[in-house]
Amino acid sequence: MTGDRAIGAATASVVLAVTAFAAVVSYSHIYDLGYVHGQSGTAARLLPLSVDGLIVAASLVMLQEARRGRRAPALARLMLGLGVAATVSANVAYGAAFGVTGAVISAWPAVAFIGSAELLMISIRRTQPAPGQAPVPVPVSAEIPGPDSLQVQAATVFAAELAAGRTPSIRAIRSHLHVGQPRAQQVRAYLAALQQQ
């Protein structure tokens, strides 16, 4: 195992452990708070999952969109914000009976859960595609190798820009073709090479 892989594995393990510990404590706080305020049985047991689960669900949607090179939907951002507000508020309310210190201590698991979950998402978002999925770089040279289907599609989509002597931006390529940054760079290199012919 290389140093980078060892660090990556250790980081993932620690982040997952902290997320799990914080989630358990936050779960118990929200469960107790819900139980005291009229929730019982299944409702009390599922309430914490609906709060912290919303954070995970919204984060995963945002992660998926980021890996596809698209902006996160407004609804995902809204739900993430509501989930964060709800879990922090519930944990603060749980400890409020013990004063400011109790509220801060009770809020910490929610903060740790949110922070660890987002750190994990950032780590996943920044990982490179698996070697089998990595696209083959397109060399920019006087002689262009046979294009792949995405490059052919890009040449069609951006025909007007290419005809006007402009190479589309990486952002435009990502947006129109729904690809990530590395693939968009390769497509742009191909289109730039086409213009030099």
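Observations
- Computed label-point distance, nm, for sites ARG5 and ILE122 using a 7 Å Cα→Cβ extension: 2.5
- Acute angle (nearest 10 degrees) that the helix 3-36 long axis makes with the longest principal axis of the chain, alpha-carbon atoms: 40
- Linear extension gain, LEU60 paired with VAL111, 0.36 nm per residue minus alpha-carbon span: 16.6 nm
- Between the amide H of ARG70 and any residue lying 5 or more places away or on another chain, no distance stays under 5 Å, with hydrogens modeled in the peptide plane.
- Cα long-axis angle, helix 41-67 against the chain (0 to 90 degrees, to the nearest 10): 20
- Projected label points at SER40 and GLN181, each 7 Å from Cα along the beta carbon direction, are separated by 5.4 nanometres.
- GNM result for the chain, Cα springs below 10 Å: residue of VAL179, VAL152, VAL61 fluctuating most strongly: VAL152
- Point-to-point label distance, ARG71-VAL25, nm (Cα→Cβ direction, 7 Å offset): 3.7
- Sequence-ordered 3J(HN,Hα) estimates for the stretch 86-101 from the Karplus curve with 6.51, -1.76 and 1.60 and θ = phi - 60° stand at 5, 5, 5, 4, 5, 5, 5, 4, 4, x, 4, 5, 9, x, 4, 4 Hz, glycine and proline given as x.
- Whole-Å distance, taken between Cα centres, linking the stretch 169-193 and the stretch 24-38: 48
- Ratio of Rg to Rh over the chain (Cα coordinates, Kirkwood Rh, two decimals): 1.18
All of the numbers you see were taken from the coordinates with simple rules; none came from a lab. Every value quoted in this text rests on a predicted model; they were computed, and no experiment measured them. Cβ atoms come from the backbone with ideal geometry, glycine included; neighbour counts cover every protein chain shown.
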